[in-house]
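A.B. asks: Input: one structure, supplied below.
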Amino acid sequence: MLTRPSSDDLRIIGQFTGRIFLAFAGVSVLPLVAAIGVGEWAPGGSFLLMLGVFAILGAALTRLPTSRPLDIRHGVVVVALGWLLVPAVAAIPLALSGHFSDFIDVYFDAVSGLTTTGLSVLQDLDHLALSLNLWRHLLQFLGGLGIVVVAVWLSVGGAGLALSRSEGREDKILPSISSTSRFIWRVSLVHMAVGVAVLFGVSFVFLGFTSGRSLFHALMIFFAAFSTGGFSVQSTSLGYYHSPILEAAAGGIMLAGTMSFQLHFALWRRRFREAVRNLETRSFLTTFVTLLVVTMVGLATLGTYHGILGHARQGLFQFLSAHTTTGFSTVPSSELAGWTGLAFAGMVTAMALGGMAASTAGGVKALRVGLTAKVLKNESKRVMMPPGSVIPIGYFQDGHRRMTVEVAHAAMFITLLYLGLYLVGTGVGIAYGYSLQDALFESVSAGGTVGLSVGITDPSMPVVLQIVYMCEMWLGRLEFLAFFALIGTLWSAVRGR
Amino acid sequence: MGGIGFERRQITAEAGAKPRRQRGALPTRPGMARKNARGRRRLPSPGSGALVVVCVEFALVAAVAVLALAVAVVVSVF
Amino acid sequence: MRRAITVMLSVAWSLCLAAPAIAEVAVIDVAELLRDPAAYAAPDVAEVRLRGELVGDFGHRQDAVWTQLNQDSYSAAPILSGGPLAGGNQGIAVRIPLAIWHEAGPPGGYRHRGAIVEVAGAWRYHDPDRSGESYLDATSFRILEQSAPLHEQFPRLRLLVGWVLLVGAGLIAGTRGHRAGD
């Protein structure tokens, strides 16, 4: 029997959603200050308006009286609502910028930002205000680190664990969620300091930009790369810079973003053996090397690039962008659409599998790929064994673990859900007249929160397809659990007793 | 560090108003807290560890670049 | 026979006269170039000529300035100056040797519509010397129109509503504090 959520349940969900709004009100101050600092008054006014909306909603919702602590059921609903409602308010300055045709386009861009996807329907990016660009990239950075961390950071205290689980980050790196989130922030800030310094140096010394512009480009590239987001300052993405050194620097940050925070922890502690033995590390390296070879062979077959260096550089960067689910590109989308055959297969599979769990990356995740591979290997062994024999499966992931039936089911279930998600988006794309190859590429890019495009994502794209891609980004980022919880809560609110 | 705060809050919520000594999970003798904390993982401070992570990441980029180049060379030969 | 020779000679003469016009490179669209970039690639096509707005940055590297040339409706009328929405930007990278470079004012961005220029040069498509990059290697560069500042309107209403909402949020938070105090 379904139990209707009590008014207390709804109040606690509302209260914690309000806290997320208040957190974003705090963050909104950054682009507001930037806009005032560089004298961009029109965007500045929009940021103040957004700050006001976040603040009043946050203040009103956190005022709701509750007598119960937040539990896991509330947590997942709060996350699901947060990821739906925050982009609606965060889109206000973008909507007022005049760079979008309608609110669906604006919401699409905000969802794409917060889910760290990077697909965009913004028009005339090359004339966009600096502060608005900062806001788009900041959205990706915050989305990458998770609303969860922001909320925990702002002292939600014990409720943080419930929120974290619902976002698919089940493993506490440190004993408590608050220390875990502080560690995540620390890793991010160290990478920010190093990454921005390196990118600034490259922009200033090698690319010949002015110091101010170098700092701006460095910050934006860092936000988009570490969050594996993929937004860019100019319409030609990272191809704008024409610099292999900058691509290498960005590549390092993209890899850092796609690495799980557990792996970061092991490396910080210099536990190299542990880092190498982790199932997820092995799984990611295996798929990376295999699919890179497939993509490179495919590109060679097509003969797209003349010369070994061109082949290696262009092939590697787009592939790295795909597997880390970043979405930067150094070639136009029309050129990417010409990557057919094996190159297409390698790129799409890399996007679909994505990065590691407990990272800013999207996709199925290397841990699930590793677990699924272990289960399949075990099943094929079982065929050759006497009936009834039991083969224990163990794996190393932050310590020795035994694969239980529940873990195997969960890994394979989520993997299947991702595949289903990719296929639904592909089907809708085909229904709108796009080729199977283009529709599959774009759908996987949206569902895996990648952001590479073969040209379907465009201001003139069909609205229904746009909504489907938005759902894909949202589901892909939250890994389905939050969606099921939200639907369950809504259903029980209607049909429960 | 951070972990203790959360655990205490949780325990306080679960144990209600019980006297401190009756809450089984907490240390009952002076010095036990330090002993228990020894086995626990602590928040690492940024230092040479951070540098190690960054070096590993850039080494990985260099490694995959070499791999890509090697594959490009091999496929160009064939 | 004589007549045939006369005709042939006159045709040859007129072709010679027309030679400069044939050598003159026609101006093409960036969109056209991006639609079929291989068709315009050097060395098959000696030169292409493009007109458009310089946007982003002027990257002063060793012997050349690197920038982006956009040719879209925003080059004529950016959104801030009331121009209509017309999809994404259409741009290509341009390498302009320092020997032919002229200062072109601030590049196009939020505050400025960049200089409108005419650039001719070789379209290096997947240039093996630059590990597969595509760009226009300029041989001639002419500024047609200097960059122009763009003006934004002061957002009075947004600021007012924003402040009102913030005060409202403060009042709500204050009420909560009062209740908690009770």
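A.B. asks: Being out of contact with any strand residue (DSSP E or B) (no Cβ under 6 Å at 6 or more places or on another chain), over 25 Å from residue A:345 (Cβ atoms) and in a loop (DSSP other than H, G, I, E, B), is that true of even one residue in the stretch A:443-459?
C.D. replies: Yes, that holds for at least one residue.
A.B. asks: Here's something else I'd like to know. How many of the residues making up the stretch A:377-408 are of a type in the set (A, V, I, L, M, F, W, C) and within 27 Å of residue A:472 (Cα to Cα)? Explain how you work it out, then say what you get.
C.D. replies: Narrowing the stretch A:377-408 to residues of a type in the set (A, V, I, L, M, F, W, C): A:383-385, A:390-391, A:393, A:396, A:403, A:405, A:407-408.
Right, trim to within 27 Å of residue A:472 (Cα to Cα) and you get A:407-408.
Residues that pass the stated criteria total 2.
A.B. asks: So, residue C:58, is that one modelled with pLDDT under 95 and either surrounded by fewer than 24 Cβ atoms within 10 Å (Cβ to Cβ) or more than 9 Å from chain A (Cβ to nearest Cβ) (or both) or not?
C.D. replies: When the stated conditions are applied, residue C:58 does not pass them.
A.B. asks: Can you name every residue in the stretch A:462-494 that is touching a Lys or Arg at 6+ places or on another chain (Cβ under 9 Å), assigned to a helix (DSSP H, G or I) and in contact (Cβ under 8 Å) with a residue 60 or more places away in the chain?
C.D. replies: Within the stretch A:462-494, A:481, A:485, A:489, A:492, A:493 qualify.
A.B. asks: Applying the selection to the stretch C:147-171, what residues are buried (at least 17 other Cβ atoms within 10 Å of the Cβ) and more than 30 Å from residue C:54 (Cβ to Cβ)?
C.D. replies: C:158, C:159, C:162, C:165, C:166, C:169
A.B. asks: Turning to a different aspect of this structure: Could you list all residues from the stretch A:1-29 that are at pLDDT below 90 and polar (S, T, N, Q)?
C.D. replies: A:3, A:6, A:7 - these are the residues of the stretch A:1-29 that are at pLDDT below 90 and polar (S, T, N, Q).
A.B. asks: Of the conditions (1) of a type outside the set (Asp, Glu); (2) at pLDDT below 95; (3) over 26 Å from residue A:457 (Cα atoms), residue C:65 fails just one. Which one is it?
C.D. replies: Residue C:65 satisfies all of (1) of a type outside the set (Asp, Glu); (2) at pLDDT below 95; (3) over 26 Å from residue A:457 (Cα atoms) except (2).
A.B. asks: A further question follows. Pull up the stretch A:38-67, narrow it to residues that are part of a loop (DSSP other than H, G, I, E, B) and in contact with a Leu (Cβ under 8 Å, 6 or more places away or on another chain), then point me to the one that is nearest to the other protein chains (Cβ to nearest Cβ).
C.D. replies: By that ranking, first place goes to A:40.
A.B. asks: Additional query: Restricting to helices (runs of 4 or more DSSP H) lying wholly in the stretch A:210-277: which have 1 or more residues that are touching an Asp or Glu at 6+ places or on another chain (Cβ under 6 Å)?
C.D. replies: Values: elements: A:211-226, A:244-258, A:261-268, A:272-277.
Fully inside the stretch A:210-277 and qualifying: A:211-226, A:244-258, A:261-268.
A.B. asks: Considering only the stretch A:248-263, state which residues are buried (at least 24 other Cβ atoms within 10 Å of the Cβ) and either in the same structural domain as residue A:450 (by TED's automatic domain parsing) or more than 16 Å from residue A:284 (Cβ to Cβ) (or both).
C.D. replies: A:249, A:250, A:253
A.B. asks: Pick from the stretch A:211-233 the residues that are within 12 Å of chain C (Cβ to nearest Cβ) and surrounded by 24 or more Cβ atoms within 10 Å (Cβ to Cβ): which of them is nearest to residue A:278 (Cα to Cα)?
C.D. replies: Restricting to residues being within 12 Å of chain C (Cβ to nearest Cβ) and surrounded by 24 or more Cβ atoms within 10 Å (Cβ to Cβ), the top hit is A:232.
A.B. asks: Just the residues that are surrounded by fewer than 24 Cβ atoms within 10 Å (Cβ to Cβ), more than 7 Å from every other protein chain (Cβ to nearest Cβ), in contact (Cβ under 8 Å) with a residue 12 or more places away in the chain and small (Gly, Ala, Ser), please, taken from the stretch A:301-336.
C.D. replies: Across the stretch A:301-336, the qualifying residue is only A:333.
A.B. asks: Follow-up. Among the numbered criteria (1) facing chain A (nearest Cβ under 10 Å); (2) loosely packed, with under 14 Cβ neighbours inside 10 Å; (3) at pLDDT 95 or above, which one does residue C:82 miss?
C.D. replies: (3)
A.B. asks: May I pose another question? Can you name the residue in the stretch C:124-146 that is within 12 Å of chain A (Cβ to nearest Cβ) and small (Gly, Ala, Ser) and, of all such residues, is surrounded by the fewest Cβ atoms within 10 Å (Cβ to Cβ)?
C.D. replies: Across the stretch C:124-146, the extreme among qualifying residues is C:131.
The values are calculated or read from the model by the stated rules, or taken from the named source; none is laboratory data. Predicted model only: the values in this text are computed from it and were never measured. All Cβ positions, glycine included, derive from the backbone under ideal geometry; neighbour counts span all protein chains shown.
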